[in-house]
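Novice: Below you will find the structure I want to go over with you.
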There are 4 protein chains.
Amino acid sequence: MTIRLLITGGTFDKEYDELSGTLYFKDTHVQEMLRLGRCRLDVAVRTVMMVDSLEMSDADRQTILANCRQASEKKIVITHGTDTMVETARVLAAGAPDKTIVLTGAMVPYAFGSSDGLFNLGSALSFVQVLPPGVSIAMNGRCFPWNLVRKNTSLGYFEEIPM
Amino acid sequence: MTIRLLITGGTFDKEYDELSGTLYFKDTHVQEMLRLGRCRLDVAVRTVMMVDSLEMSDADRQTILANCRQASEKKIVITHGTDTMVETARVLAAGAPDKTIVLTGAMVPYAFGSSDGLFNLGSALSFVQVLPPGVSIAMNGRCFPWNLVRKNTSLGYFEEIPM
Amino acid sequence: MTIRLLITGGTFDKEYDELSGTLYFKDTHVQEMLRLGRCRLDVAVRTVMMVDSLEMSDADRQTILANCRQASEKKIVITHGTDTMVETARVLAAGAPDKTIVLTGAMVPYAFGSSDGLFNLGSALSFVQVLPPGVSIAMNGRCFPWNLVRKNTSLGYFEEIPM
Amino acid sequence: MTIRLLITGGTFDKEYDELSGTLYFKDTHVQEMLRLGRCRLDVAVRTVMMVDSLEMSDADRQTILANCRQASEKKIVITHGTDTMVETARVLAAGAPDKTIVLTGAMVPYAFGSSDGLFNLGSALSFVQVLPPGVSIAMNGRCFPWNLVRKNTSLGYFEEIPM
């Protein structure tokens, strides 16, 4: 079983530009993270875009959806900024109902050493192997169906939507 | 759902003693790792022992089994040295068949910065939530039924036992 | 011999705010760095301010100068943002000519794991012990008299002013 | 001014072998550390040997001495295991009295993330630039003439020999 891993940017892959003192995107760290995690899964990585999810457009989401639909794999993990992860999940759920898609991200850039990214990547790659088709969000060690979750922006974690 | 997390030592928790220049056990790093991973699961941690798995005795394995049986939780993750992880899994499979037990470990100590431990912990905590009762080993992003896996000691990863 | 260590902020001590995704100041990491470096010098640390050096005012520089003059120690190290380090050095050279003052900083925040801060701190604390009274800047393993140096902002390091 | 940097091994450059679970030497990390420290000194690195200083022989010390004598540079930094650093310093002081030689090392391997090595390297490279000919040991932020210092093996740092 091959797992398709789509990179879209987000905090996960942000870096520090030491000349300007600002955060920016260069290349994804996902391959390094898979190596660090001694991951032995058959993972096919593709960088679809490198954007802050607050700046992700409808067209960007259609591009991610197209990548999911065109992938020959049935199991897909997507790294994504946390702020609009649920919005993208909604688009994917409507357009690619036959795939198991797990979105994940990070609150701290992997390059900054104290990241939750490695933990979340291990989690997302695990959930995607065992879950049936559908779109989920794996954050904070948990996995939520996309339509039952929201980001609590004041506390910085994902939680169930109260009934 | 509460997950019981049992600590038994292994490479996962080894540290460097700067006076003697050797590796040793002090306290577990699991709580720090859960915090780093922004884990929001309800995890109850218990340090059962801190041993190198090559030095784990039959009595030690019975102690681990007793901890699994006495736990009120149905979902159990165990951090364990990789060298005899399968042996312990065999004891648990025979003695605690009604629980979902996932063993995990690391090839590099967490304290040494480049560890697979954080990735594996995220993976094990994910698999344990969705798997039915039984004993599994989560390493290298994969999850194996205990009786179908072995450690490839020359390559340093876990693999299926060839039929 | 006691060394006075004055903290003024700068990239050295910036942190990542995971809720807003921006950089900010909390507490200095200098004590942790001294512990990590197994520093056995008699160092008296004082946080004077926590500011980005681009936002440092004339009044701020007078405060730093006052701290240098009032210190009972003859040897002073100052952590400072790199962008206006030379400007502050000029003020100190005019106002505290009897002290050995070494300014240092970092291009990458210490908290981001790949920092030059630890290297520079070791360097500045060494130079200050052996240099005569005067104001210097210790960056990139080198030590420059304040009036012969400038930051090369396009390359990100300090260099002699060409004659 | 070029500084000659001689690598001899020691804790500084030890690594963790994940197959055997033991510490060993592969390549030096000094170039990576100089890059991390944004060092802009003209440093010529040479790996002379990679040994634990407890296993350093008289012949090894003569090899280090020969390297110091043959170097065209007047300024030399040597990375060395801490346990017999003073013994090597004695040989160098007798045989190469016209050079400024600073020995340094680490209590924790650089590869283990929490190392004093980067701090000490910054320190040694600074002291060597300003000290007159002679052999010194730079550890713990301090610099000692070789004949006035000893390693306190129970506390793990260097200290003056009591008169």
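Novice: Which number in (1) surrounded by fewer than 19 Cβ atoms within 10 Å (Cβ to Cβ); (2) within 14 Å of chain A (Cβ to nearest Cβ) marks the one condition that B:Asp17 misses?
Specialist: So B:Asp17 meets the others, but not (2).
Novice: I would also like to ask the following. What are the residues in the stretch C:87-121 that are within 23 Å of D:Leu131 (Cα to Cα), out of contact with any strand residue (DSSP E or B) (no Cβ under 9 Å at 6 or more places or on another chain) and within 9 Å of another protein chain (Cβ to nearest Cβ), if any?
Specialist: C:Leu118, C:Phe119
Novice: If you take the residues of the stretch D:33-56 that are touching a residue at least 24 places away in the same chain (Cβ under 8 Å) and of a type in the set (D, E, K, R), which of them is farthest from C:Gly156 (Cα to Cα)?
Specialist: D:Asp52
Novice: Next question. Determine if the stretch D:64-74 includes at least one residue that is open to solvent by less than 10 Å² (accessible area, probe 1.4 Å) and farther than 26 Å from C:Tyr110 by Cα.
Specialist: yes
Novice: Output the residue which, of all residues in the stretch C:133-163 that are within 10 Å of chain D (Cβ to nearest Cβ) and under 27 Å from D:Phe144 (Cβ atoms), is most open to solvent (accessible area, probe 1.4 Å).
Specialist: C:Arg142
Novice: Moving on to the next point. (1) touching a helix residue (DSSP H, G or I) at 6+ places or on another chain (Cβ under 7 Å); (2) closer than 24 Å to D:Asn140 by Cα: which one isn't true of D:Glu55, the others all being true?
Specialist: D:Glu55 satisfies every listed condition except (1).
Novice: Taking A:Ala111 and the conditions (1) surrounded by fewer than 24 Cβ atoms within 10 Å (Cβ to Cβ); (2) among the small types (Gly, Ala, Ser); (3) in contact with a Phe, Trp or Tyr (Cβ under 9 Å, 6 or more places away or on another chain); (4) assigned to a loop (DSSP other than H, G, I, E, B), which numbered condition does it fall short on, given that it satisfies the others?
Specialist: Here A:Ala111 clears every test but (4).
Novice: Can you tell me which residues in the stretch B:30-56 are buried (at least 18 other Cβ atoms within 10 Å of the Cβ), within 13 Å of the chain's Cα centre (by Cα) and within 14 Å of chain A (Cβ to nearest Cβ)?
Specialist: Residue satisfying the conditions is B:Val30 alone.
Novice: Could you check, for the stretch C:75-93, whether at least one of its residues is out of contact with any helix residue (DSSP H, G or I) (no Cβ under 8 Å at 6 or more places or on another chain), open to solvent by 10 Å² or more (accessible area, probe 1.4 Å) and at negative phi?
Specialist: Checking the stretch C:75-93: not a single residue is out of contact with any helix residue (DSSP H, G or I) (no Cβ under 8 Å at 6 or more places or on another chain), open to solvent by 10 Å² or more (accessible area, probe 1.4 Å) and at negative phi.
Novice: Something else about it: Within the set of pairs 6 or more residues apart or between chains, which connect a residue that is in a loop (DSSP other than H, G, I, E, B) inside the stretch A:57-77 to a residue that is of a type in the set (Lys, Arg) and open to solvent by 20 Å² or more (accessible area, probe 1.4 Å) with Cβ atoms less than 6 Å apart?
Specialist: What qualifies is A:Ala71/A:Arg4; A:Glu73/A:Arg4.
Novice: Still on this structure, I have one more. Across the stretch B:78-106, what is the number of residues that are in a loop (DSSP other than H, G, I, E, B) and in contact (Cβ under 8 Å) with a residue 40 or more places away in the chain?
Specialist: 6
Novice: For D:Val130, indicate whether it is touching a Phe, Trp or Tyr at 6+ places or on another chain (Cβ under 8 Å), over 30 Å from C:Ile137 (Cβ atoms), open to solvent by 10 Å² or more (accessible area, probe 1.4 Å) and among the β-branched types (Val, Ile, Thr).
Specialist: Criteria not met by D:Val130.
Novice: Out of A:Thr88, A:Thr79, A:Thr84, report the one residue that is at pLDDT 95 or above and touching a His at 6+ places or on another chain (Cβ under 7 Å).
Specialist: A:Thr88
The values are calculated or read from the model by the stated rules, or taken from the named source; none is laboratory data. None of the values given here were measured: they were computed from a predicted structure. Positions of Cβ are generated from backbone atoms using ideal geometry, with glycine treated the same way; all protein chains shown enter the neighbour counts. For accessibility, only protein heavy atoms count, side chains too; no ligands or nucleic acids. Shrake-Rupley method; radii C 1.70, N 1.55, O 1.52, S 1.80 Å.
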